Each structure stands twice: as C-alpha cells, then as structure tokens.
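Here's the structure, in structure tokens; my notes come after.
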Amino acid sequence: MDFAIPQFEYPLALLLISPLILAGIYAIRRGVSKWIVFSRIIILSLLIIALASPYSLGISTVRDDAPRITVISDKTLSMDLFNMDLGKKLFDAIQPKTPTKFDEFAGVKSPIGDEVIGASENNNLVLVTDGNNNYGKDLFNAISFVSRAGTRVFAVKLKPLHNDASVEIDSAKNIIIGNENVFNVVVRQAGTDISYRLDVVIDGTSVMSNSFTQKEREKVIPVSYTFTTLGSHKMTATITPSTEDRFNQNNVFYKSVFVVPKPKVLAVTGDTASALYTVTKSLYDVTTMTSLPSDLSSYKAIIIDNKGAGELPADTLRNYVGNGGGLVVVGGDSSYDKGTYNNSPVEAILPIISRAGEFTGGKNIVILIDSSGSTRIGSPNSYNSLINLMATNIVNKIGSDTSVGVVAFSGITEQTAILRMSSETNKAELKNFINMIAPGQGENPTDLDSGLRASEKLLNSISGTKQIIIISDGGVKYESLIQTKNTVIEMKSEGINFNFVQIILTQAARMSDPNYDILAKAAGVDVDIRYPDELGISVITEPSATPTPPTPTATPEITYQYPLIAIDSNHFITKYVNITASVTGYNDVTPKLGSDSLVATTRGKPILTTWGFGLGRVVSFTTDNGANENNCYSGSPVTCWASEVYSGRNSQLISSMINWAIGDPRPTGGVVIQADDIWAGTAGRVIVTSDTLPQVQLDKAPLDLSRTGPTTYETSINLETGDFHDISGYGIAVNYPLEYREIGFNDKLVQAIESNGGSVYPEDTAQGLLFMDIKEKAVRTVNEPKSEKEPFLLAALVLFLAEVIIRRLKDYRKDRPVIEENPPRTAQVAE
C-alpha cells in the first residue's frame with residue numbers, strides 16, 4: 001500500500017501551536033529553564049497535531065468476490081439475425097451468483113455507446129450485441145472511456161442464425177462533367193456465402209446487371225460512368241439475392257449526384273509535357289503559369305509543380321488557402337528538401353517539415369550489432385565497418401529523451417548498459433564501444449538468438465517502450481532459424497518492437513536474405529536494406545598502378561523501386577484506391593503534428609500528406625510530376641521518379657487528391673445548396689450559401705432557414721420514405737434506415753474490448769466461462785484513509801519519558817550524600 005503526504009481532518013486545531021509557542025517564550029523570560037520549555041513545547045505540539053487527526057490516503061487493491069455486473073442486451077431490428085433471447089438467458093445464469101442488472105434497448109437505432117456509458121456505474125459490463133453502433137456516442141470510444149475509469153467490458157461473439165445482404169453506393173455528391181467517375185457499390189452480408197444479381201441504373205438506363213457469389217463479408221464492385229449533362233442525376237443499385245436474405249428493406253439504394261462544370265485550376269509549372277499536367281488538363285479547366293499571380297480568387301485549387309520556396313509568395317498563398325482555397329504542392333529536384341523550404345514562410349502552410357525525421361525509435365532502444373566472422377567480408381569497406389558506421393549514426397541522431405544500449409553478437413555476446421542519451425559522455429561511451437566491435441578470427445558464427453536474449457535482458461531491467469534495431473549482413477543459418485524465429489515471436493508478444501536492417505555492399509544485389517526476411521516477417525516488419533551510399537559515407541576505391549582506360553560503353557544506371565502503400569485507407573483520397581505503383585525517388589520530409597499521412601513508401605517515407613489550413617485544404621505530394629515517359633531515360637535532365645503513379649488505375653490517386661483539395665467544385669456566387677443523401681429516420685442538414693435571403697423549397701414546399709453566418713443559412717430535414725427528392729433543383733436521396741446498413745457481427749468489437757483489458761466469449765461457452773473470468777478479474781483499487789496519529793503520540797510519549805528520566809537522574813545526583821575519602825582521625829583519650 002502506497003501513502004501520500006498526511007492530511008488533517010481538523011486542520012484548525014493546528015492553530016493552537018502558535019499560543020503555545022508564545023507561552024513558552026513568556027515562561028523563559030520568567031526564569032523557567034529553557035530546555036524544559038522547549039521540551040514541553042515539542043511534546044504539546046505533537047499532542048496538538050495528533051488532536052488534528054492526521055491521515056493519509058492509501059491505494060489498496062481489493063478483490064471483489066461478488067462483482068457487480070450489468071448485462072446490456074441489444075434488441076434493435078438488426079439483431080433479428082441472431083438469438084434475441086441470449087441476453088436474458090445469460091442474465092438468468094449469472095444473477096443467482098452475484099448482484100446483476102439487466103438492461104435492454106430496442107428500436108431502429110443502435111445507441112450502444114450511450115448504453116455503455118450509462119451503465120458504467122457497475123464494475124463489469126457484458127454486451128450482447130452485434131456491435132454495429134449507428135447513433136449517439138461512438139461505441140469504441142465509449143469502451144475506452146469507461147475502461148480507463150475502472151469498468152471492465154466483456155462481450156459475447158454472436159453467431160448469425162440467418163443471413164442478410166445490404167447494398168450501398170459510395171461516391172462523391174458533387175461530380176465534374178465529362179470526367180470518368182468510379183461509383184463503388186458496396187455489398188455487405190452477415191454470413192459468409194450469398195448469391196445475388198446486381199442491377200445498377202443511372203437516369204433510367206441500365207449500366208450493370210451481373211450475378212455474383214460472395215464469400216467475403218464486404219465486397220466492393222466499381223461502376224464507371226461519365227456524365228455529359230449538368231444538374232441532378234439519379235442512380236439506383238438493386239440486389240436480388242437467390243439465397244437467404246432476412247431483410248428486403250436494404251436491397252435497394254438510391255444515390256443522387258449533382259454534375260457541375262469543370263472547376264478552374266491554376267497549374268504553376270514549367271513542364272507542360274509532364275504526366276501531372278496531362279492528367280490535370282484532362283479533368284479540370286486548367287490555366288498554366290510559371291509563377292503565382294497576385295489574384296487567385298477565381299481558382300478552386302492551385303497546383304505548384306516543383307518550385308523552390310523563393311519562387312512562391314507566402315502571403316498570397318496563406319490568404320488564398322486561409323479563405324477556403326485548395327493547394328497541392330508537388331515535389332521534385334527543386335522542391336521541399338531540395339528547394340530551401342525548411343523553416344520558410346511557405347513551409348508554415350504545408351503539412352510537412354522539409355527535412356528527414358530523426359531515427360528516434362522508442363524511449364528505450366538496444367542496437368544489436370552483428371560481429372560474426374562473415375562481417376569481415378568486403379574490401380575496402382567491410383560489412384563490419386559499414387555496420388559500425390550505421391550504429392554510430394543512429395546514436396548521433398537519437399533524441400535526448402531516449403535510453404540506448406548496444407549488444408554485439410557472434411559466437412559470444414558483448415554489451416553495454418542502457419545509457420541516457422541526454423549525456424554527451426554516455427553517447428561517447430557507446431560510440432567508443434561500437435568502434436571497438438570487430439569480428440575477430442576463426443569462423444565466429446552468427447548467434448543471433450543469443451544476441452536477442454541479451455538484448456531482452458537489458459530491456460527487462462528498465463520500464464517504458466522497448467525497441468531492438470538489428471544491424472547485420474543478413475546471414476542467418478537455417479539450423480538456428482526456427483529457434484531464433486520463436487524468440488522473435490515471444491519477444492514481440494512481450495511488447496518489444498523490432499527493426500531489421502541489412503547492409504548490402506553492392507547496389508546490384510537488392511534482395512534481403514530469405515532467412516533474415518522470415519525473422520523480420522515474424523516481428524511484423526520488413527527488412528530495411530541499406531547500401532554504403534545511404535550510410536553517409538563514400539565508397540573507397542582501390543588505388544590503381546596504371547590509369548584505367550575509358551570504358552567504351554556507359555555502365556547501365558541502377559534505379560531503385562520504392563513501392564507505395566496506403567497508410568490510411570478510409571480517407572476520401574485513398575478510399576477504394578488500389579495503389580500498385582512504385583517510385584524511384586522522393587523528397588525526404590517529416591509530417592507535422594496534426595497532419596494526415598495517407599501514402600508512404602514501404603520504408604515509411606511520406607509521399608502524400610494532408611491537413612486543413614484555415615478554411616482551405618493543403619496536399620503535400622512529395623514525389624515528382626512523373627515527367628513525360630519519352631523523357632525518362634538514363635542521364636535525363638529531368639527527374640522521373642513517379643511515372644507509374646500517373647498511369648492506369650494509379651492515376652485515380654492524383655485526381656482524388658486534387659478533388660479533395662478543391663472540395664466543392666461548384667463555382668461560387670448566386671445560391672449554392674449543399675445537402676447530402678440521408679437515411680430514413682435520421683435528420684439531414686441543408687446548407688445554403690447566398691448573398692441575399694434565399695427562397696428554398698423541398699418538393700415544392702418552402703423550407704424555414706436559419707441564418708448561421710453572413711452568407712450562410714441552415715435547416716434540417718427528416719424524411720421517412722426512401723426515394724428521390726428535390727431541394728430547389730438540387731436532388732437528394734433518402735434510403736433505408738441506417739440500422740439495416742451494417743449487418744452481422746462487427747469483428748472490430750473484439751479488438752476494441754480486448755485492447756482495453758476485457759474479453760469476448762464464443763456464444764456456446766459464454767455462460768460457463770463469463771462469470772468465472774469476471775470474478776478472476778474483479779480486482780479494483782480504492783483510496784482508503786489511514787490514521788497517522790500514532791507516530792505523533794508515540795513521539796510525544798518518548799520525549800516526555802526522556803524528560804522525566806533526565807530530571808530524575810539530576811534529582812538523584814543532587815540529593816545523594818557526599819562521602820569523604822579521607823575523614824580526619826580522632827585522638828584517643830587514655831583512661
């Protein structure tokens with residue numbers, strides 16, 4: 001039990017100490033012995049402190065043998081796919097054993113998050129639900145919130161008794177005339193096997209009628225279409241299942257889109273032959289300039305292509321974006337880190353910092369260095385020298401709030417302690433140790449497993465986040481692979497993160513060692529391959545006795561492929577975009593705090609980063625414009641990093657990022673209506689922008705608008721019937737209730753509960769295991785007051801007894817008779 005600083009139940013009693021001190025001073029002046037006065041003041045002060053009732057709050061761990069439980073049963077309409085009586089049966093099984101409450105909710109909305117927070121006064125919640133929250137507070141945030149407050153959340157993983165399918169069309173509301181648009185038809189099912197026919201109709205014309213057999217829970221079917229007329233258009237997607245389908249309400253989906261003219265976009269570029277310009281010119285009304293004009297108000301977005309910071313007027317850009325404009329900044333050999341953006345006024349607008357991020361890793365890092373015999377290979381730069389150089393560079397770049405240790409492994413292991421990097425002395429000690437690491441003589445085998453265990457022991461001696469950076473030539477023998485792989489998996493499960501770095505001497509060999517790659521995959525990462533020129537050194541060449549004659553033909557240039565991956569696949573830009581491209585170069589930048597990193601290389605280098613600036617949107621695309629494929633050749637004067645991104649389906653990423661920056665593509669001025677399609681029974685917002693009071697009608701009935709800004713007006717609508725409706729020429733669609741959209745058990749619920757310390761049980765074993773597990777985990781901490789009078793009373797008693805003993809000893813010495821050592825002799829009288 002840990003205790004805090006004592007507090008007092010009656011703190012005003014302490015005021016009695018002041019007159020006590022004054023009385024002591026008065027007694028001393030009256031001739032009373034000082035030491036007696038001091039003693040009595042101390043003794044009486046201790047008694048006054050005890051009278052004030054000091055106490056401390058201690059944190060105690062209490063095991064609850066009868067934990068309080070609330071069973072929350074979801075009986076909304078979508079739960080008809082499951083056993084609706086399971087919640088009550090679970091309550092009846094638990095209630096005789098411990099205090100238990102039963103809550104249930106029903107209807108066409110699922111406010112599961114609200115129910116969790118409302119029932120959190122009990123220590124344990126059991127959810128019997130499909131986990132598809134569609135109203136009120138977010139369920140997963142609610143679970144995290146109540147878990148931090150000490151409530152444990154459990155759930156039953158339900159098995160559907162029936163299957164059902166729902167259909168939805170996912171696309172932008174306002175789209176551009178003449179452009180090919182991809183409308184994603186999303187079909188979801190509760191089970192794992194359903195067959196159906198999908199019919200898609202646009203403005204009364206069928207554009208798809210195909211049959212599908214679906215095994216996955218969710219299937220996305222893209223439908224391409226190009227609109228050639230402006231205004232509102234109607235889309236309908238209908239599924240006709242040939243197997244069990246519990247609900248028919250969610251088999252039809254309506255989508256209303258509004259087609260607008262091509263928005264005006266300004267491209268600031270000196271390369272009108274690039275792939276970027278070709279894609280942009282085909283989609284938008286593009287004006288091309290080589291520099292920024294002072295007036296940007298007529299453009300919906302500005303695309304800046306490979307321009308240095310000195311060429312860009314920061315104030316003009318700041319005002320434009322801050323007032324709602326879109327900005328896309330494309331990289332290249334004159335941009336970002338190569339264009340003096342770092343710490344410039346232009347960089348303040350962007351979501352990135354134009355320099356590479358430091359390799360800071362976790363708060364506690366062990367650098368595991370390969371010193372086996374194979375690292376002697378290489379001349380004039382051996383593996384050993386390159387490995388040591390990289391380790392030294394990591395030590396130099398790691399932040400001061402991190403602790404680092406170094407372990408060298410071969411047939412034996414050597415190691416340092418974990419040292420704080422805030423001390424330059426510690427850094428110097430680590431670098432000296434690294435410089436002394438050598439492979440030695442003989443075979444000196446690679447014993448990575450022993451190195452991992454030594455690193456684990458170092459990390460176990462401290463608390464905090466833990467990371468191991470392994471730097472090796474990648475040579476791992478098959479005989480030790482299984483044991484080392486098991487060690488990696490075990491350490492990963494203990495919360496230790498890994499980086500596997502492989503040094504390669506020649507750039508022609510770009511593949512990682514297969515066994516080394518297996519270990520990296522076991523840790524959930526990829527091998528980071530590094531070449532000598534990526535370690536901050538130049539490769540030393542052997543001196544030649546005679547000049548080397550010129551080579552008759554040029555040596556083929558080696559290019560590197562950096563595959564791209566979507567980091568966030570739920571963002572408007574990356575949703576449903578299948579990125580298969582690689583780049584051969586990029587600008588080295590670091591995302592700012594608050595930005596959204598959407599696309600990166602597999603090594604984690606940012607490629608597409610966004611954020612909002614004022615009322616506008618900013619995109620940093622930190623690779624080049626793709627140049628022109630005819631200009632991409634060895635020795636080309638232009639960079640050709642990203643040509644793959646601008647070709648085929650990958651080019652959808654380019655149009656998506658520009659569309660996101662544009663926002664609403666409709667021209668400003670006049671009356672502009674914005675209203676999304678809605679779900680039956682769920683209110684929707686209508687936003688109208690107009691310089692004068694607008695007259696807006698819903699299906700020819702006037703709408704009451706409330707003014708929310710100088711030129712903006714709002715109202716809400718709530719429609720119950722599914723179909724198309726008209727708001728003064730701007731179409732909207734109303735679909736089935738939101739309750740029927742997400743169907744089946746939501747597997748994300750399992751992750752949300754387990755990550756917050758709870759458990760999820762299979763339906764058939766829940767009754768047997770649930771209560772025992774809750775009881776086992778029913779441990780809580782409480783703050784308990786504990787009286788602290790005893791030490792003060794004991795101190796007063798000890799001082800009083802000491803005073804009495806001292807006074808007695810003095811009195812005893814004072815009253816004892818004095819015995820003379822040589823008494824005088826008395827003369828004897830003779831008789």
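The values are calculated or read from the model by the stated rules, or taken from the named source; none is laboratory data. Small disclaimer: the values here were computed from a predicted structure and weren't measured. Every residue, glycine among them, receives a Cβ derived from its backbone with ideal geometry; neighbour counts consider all protein chains shown. Each accessible area value is taken on the protein alone, full model and side chains, heavy atoms only, with ligands, DNA and RNA left out. Shrake-Rupley method; radii C 1.70, N 1.55, O 1.52, S 1.80 Å.
Observations on the structure shown:
- Residue selected from the stretch 365-382 under the condition of a type outside the set (A, V, I, L, M, F, W, C) and surrounded by fewer than 22 Cβ atoms within 10 Å (Cβ to Cβ), by the criterion modelled with the lowest pLDDT: P380
- Given (1) closer than 25 Å to S597 by Cα; (2) touching a residue at least 12 places away in the same chain (Cβ under 8 Å), number of the condition N343 does not satisfy: (2)
- Listed by position, the strands (runs of 3 or more DSSP E) inside the stretch 223-316 whose residues that are under 28 Å from V645 (Cα atoms) and open to solvent by less than 30 Å² (accessible area, probe 1.4 Å) number at least 1 are 252-260, 264-268, 285-289, 301-305.
- Every listed requirement among (1) assigned to a strand (DSSP E or B); (2) touching a helix residue (DSSP H, G or I) at 6+ places or on another chain (Cβ under 6 Å); (3) among the acidic types (D, E) is met by E714 save one, (2).
- Some residue of the stretch 56-67 being without any contact (Cβ under 8 Å) to a residue 60 or more places away in the chain and in contact with a Phe, Trp or Tyr (Cβ under 9 Å, 6 or more places away or on another chain): no
- Residue pairs meeting the criteria (Cβ under 6 Å; at least 6 apart or on separate chains; first modelled with pLDDT under 70, in the stretch 495-509; second not basic (K, R)): Q507/Y531; Q507/I558
- Checking S56, S73, S39, S45 one by one, the residue that is among the hydroxyl-bearing types (S, T, Y) and under 37 Å from the mean Cα position of the chain (by Cα) is S73 and no other.
- The stretch 118-156, subset open to solvent by 50 Å² or more (accessible area, probe 1.4 Å) and not aromatic (F, W, Y), residue farthest from Y761 (Cα to Cα): G136
- Going through (1) closer than 23 Å to A165 by Cβ; (2) open to solvent by less than 50 Å² (accessible area, probe 1.4 Å) one by one, V71 falls short only on (1).
- Residue satisfying condition, being within 27 Å of the chain's Cα centre (by Cα), crowded, with 19+ Cβ neighbours inside 10 Å and within 10 Å of N132 (Cβ to Cβ), within set L738, L749: L749
- Condition met for S195 (free of Cβ contacts under 8 Å to residues at least 60 places away in the same chain, outside any loop (DSSP other than H, G, I, E, B) and touching a Ser or Thr at 6+ places or on another chain (Cβ under 6 Å)): yes
- Listed by position, the strands (runs of 3 or more DSSP E) enclosed by the stretch 590-678 that each have at least 1 residues that are touching a strand residue (DSSP E or B) at 6+ places or on another chain (Cβ under 7 Å), crowded, with 22+ Cβ neighbours inside 10 Å and at pLDDT 90 or above are 596-601, 606-613, 616-621.
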